[in-house]
1. How high is the relative contact order of the chain? Use alpha-carbon pairs under 8 Å, at least six apart in sequence, and give a whole percent.
2. Tell me the trypsin sites (Lys or Arg not before Pro) within region 89-126 that lie in a loop according to DSSP and have at most 15 other beta-carbon atoms within 10 Å.
3. If each residue's Cβ is checked for other Cβ atoms within 10 Å, how do D16, D68 rank with the fewest at the top?
4. Given the chain, what count of lysine pairs have C-alpha atoms under 27 Å apart, with each pair 8 or more places apart or on different chains?
5. Pop out the Kirkwood hydrodynamic radius of the chain from its pairwise C-alpha distances, inverse of mean 1/r, in Å to one decimal.
6. Which trypsin sites (Lys or Arg not before Pro) in region 1-88 pass both tests, a DSSP loop state and at most 11 other beta-carbon atoms within 10 Å?
Amino acid sequence: MVETKDPSLAAKRWADSISFVPQRYTEGVNAAAPWQSAALAAEGRYQAALQESFARNARSAGISRTNDSEWKQRAINKGSRNIQTGMQEGRAKQASAIAKVISVIRGVSLPERTLDPNANIERVRAIANALHAQKGNLKG
């Protein structure tokens, strides 16, 4: 038998660490080596790991470990607390991105509106095509 901590002790230590982990996390990020070149150099390993994950059906196995009510509860309890912070921190990027999207839409020449709703779909298609042509260029 492997000796381990008592589960209640592990839970207590987890709870006790909440007060100092954010600072340590920030320190770790600031001390980290540049990530981009290392991530790009690891592309082959990343693709191999994805293929291995697909082969063992890891996604469906993970999905099967929870149920709808548990997912909803976690999303409500955790996600609703985090979304505001994420939105606040992303305001500048969102403003930049939506300005680009609106600029593309404003530049579209729409066909004349008709009484035929099927023909009017071409108006939507013109906007969709213009946005698709700028795919990748619309990020904030």
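Where a number appears in this text, it was derived from the coordinates with a stated rule and is not lab data. Note that the structure is a prediction, hence the values are computed from the model and not measured. Positions of Cβ are generated from backbone atoms using ideal geometry, with glycine treated the same way; all protein chains shown enter the neighbour counts.
1. In percent, rounded to a whole number, it is 20.
2. R113
3. Values: D16 10, D68 7.
Final ranking by Cβ density, sparse to dense: D68, D16.
4. 8
5. Result for the chain stands at 21.6 Å.
6. Numbers: sites: K5, K12, R13, R24, R45, R56, R59, R65, K72, R74, K78, R81; in loops: K5, R56, R65.
Here the sparse-neighbourhood loop sites are K5, R56, R65.
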